[in-house]
Structures are given as C-alpha cells and as structure tokens.
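The values are calculated or read from the model by the stated rules, or taken from the named source; none is laboratory data. All of these numbers come straight from a predicted model, not from anything done at the bench. Cβ placement follows ideal geometry from the backbone for every residue including glycine, while neighbour counts extend to all protein chains displayed. Accessible surface is based on the protein model in full, side chains and every heavy atom, while ligands, DNA and RNA are left aside. Shrake-Rupley method; radii C 1.70, N 1.55, O 1.52, S 1.80 Å.
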Amino acid sequence: MFFKIGSEVVQLPVLPPSFSIKESQNNEEININTIGTVKLLGKRGLKEIEIASFFPKQNYDFCKCTPRAPYEYCEKFKTALEDNTICVLTITGTNIALTGTIEEFEYGEEDRAGDVSYTINFKEYRAIKTARVSKKVTKKVYKVKKKGETFYYIARKFTGNSANAKAIAKANKKKVSAKLKKGQKIVINVTS
C-alpha cells in the first residue's frame, strides 16, 4: 500500500490485515400523500476506506520496506490531514488507486515496544468539472437602407440595446455621431 502525499510516496511498512471500501448512492426516499413512499435515484456518493495497522519501531521480518521512525509517519499523515492535502492511495495487486483526503487519523502506543498503532479514514475527492460557455461572435454586414439612420438605430435593431452604438461605430472606425449614407456597409459583431 502506498500513499502519494503531495510529491512524496509513502509506503506502509506493515500491511493491514484487512481493508474494505464503502461505496454508496445518494438516493432519497420521500412520502407523497397520494402514492406513499417513493425513491428518488441520486448519483453515487464518495468512496471511503479505513486502514488500521501499525508503524513499527524496528525492522520486523514481515515489513514490506525498511521503516522510518514511527512518529515520522505520524507527522506525514497529520500534516496531510491538517492541510487537507489531496493524496492518492494505491493498493498493489488490486485495481484500487483512489484520489482523496485523509478525513481522520488516530494513533497511539499500545505497549512499551515503541510501535505506533494507527487508523486512517480516507475519503475520495472528486473535483467539480465546470463547463465553459463560449460566446460565438459572428460578423454581420448591414447595408444602410435610408438616409438618416444612425449607429444608435443599428445597435438597437441588431443587439437590442442602443448603448452598443459606440462599440459598433468604433469597430467601423467611425464616430458614433457620423452621418450614415444610404447603401453604406456597416459591420456588426453579434454575440450569441
């Protein structure tokens, strides 16, 4: 078992005797007077895993790696918990590679051997994916139909707001007060 905490990979020296992953659905039951209880189907909840083992004071035969000092491990996991660090838990020999945060970290000594027992509650982290709304800008060419039309008239007609007259005039390299002639072509950028 490995935890990637920031840029550092921490291997657990003593594997827990067992682990289980909790998965859930966010379904909800409601009562409708004319029907009774119905279930509203939700989306899946966050996966959770609890790991319990110990950090050894010495290098036992069953250690999966040369262990660090027990409280060095404790500091790593305490800091990850306190800083809300997004970690990756990988359990080799399985398909488990879970991105999440340490929700709870409990530790302490049970005897005078110096080993530190611990329990880690690890919960999945899923980032919110936001959709970008891209505004499409299309160019329209308007041909002035009659003498006396203004940029204010054109702005109101094509954008719904005469306040856009200055922007249209500027895009056409004209002053907003310019007199438009019949047949003159005006370029209008329309956002949709």
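Open to solvent by 100 Å² or more (accessible area, probe 1.4 Å), closer than 30 Å to Ile5 by Cβ and not polar (S, T, N, Q), is that true of Arg112? Against the criterion (open to solvent by 100 Å² or more (accessible area, probe 1.4 Å), closer than 30 Å to Ile5 by Cβ and not polar (S, T, N, Q)), Arg112 qualifies. Scanning the stretch 150-170 for residues that are assigned to a helix (DSSP H, G or I) and open to solvent by 70 Å² or more (accessible area, probe 1.4 Å) turns up Tyr152, Tyr153, Arg156, Lys157, Ala163, Lys166, Lys170. Only one entry of Ser24, Ser7, Ser18 meets the criterion of being of a type in the set (Ser, Thr, Tyr), at pLDDT below 95 and in contact with a Gly (Cβ under 6 Å, 6 or more places away or on another chain), and that entry is Ser24.
Scanning the stretch 171-190 for residues that are in a loop (DSSP other than H, G, I, E, B), out of contact with any helix residue (DSSP H, G or I) (no Cβ under 9 Å at 6 or more places or on another chain) and either open to solvent by less than 100 Å² (accessible area, probe 1.4 Å) or of a type in the set (Ser, Thr, Tyr) (or both) gives Gly183, Gln184. Pairs are defined by a Cβ separation below 8 Å, a sequence spacing of at least 6 or placement on different chains, a first member in the stretch 35-47 that is closer than 18 Å to Ile21 by Cβ and free of Cβ contacts under 8 Å to residues at least 24 places away in the same chain, and a second member that is open to solvent by less than 90 Å² (accessible area, probe 1.4 Å) and of a type in the set (Ser, Thr, Tyr); the pairs so defined are Arg44/Ser24; Gly45/Ser24. Among residues of the stretch 1-35 being of a type in the set (Val, Ile, Thr) and over 21 Å from Phe55 (Cα atoms), the one that is surrounded by the fewest Cβ atoms within 10 Å (Cβ to Cβ) is Thr34. Cβ separations smaller than 7 Å between residues 6+ apart or across chains give the following pairs from the stretch 129-148 residues that are more than 19 Å from Gly183 (Cβ to Cβ) and of a type in the set (Ser, Thr, Tyr) to residues that are modelled with pLDDT under 75 and in a loop (DSSP other than H, G, I, E, B): Thr138/Ser192. Take Asn164 and decide whether it is over 30 Å from Thr85 (Cα atoms) and within 39 Å of the chain's Cα centre (by Cα). For Asn164, the condition - over 30 Å from Thr85 (Cα atoms) and within 39 Å of the chain's Cα centre (by Cα) - is met. For Thr85, the stated conditions do not hold, so it cannot be described as open to solvent by 60 Å² or more (accessible area, probe 1.4 Å), β-branched (Val, Ile, Thr) and touching a residue at least 12 places away in the same chain (Cβ under 8 Å).
Test Phe54 against the stated conditions and say whether it is open to solvent by less than 30 Å² (accessible area, probe 1.4 Å), at pLDDT 95 or above and under 20 Å from Thr119 (Cβ atoms). No, not satisfied.
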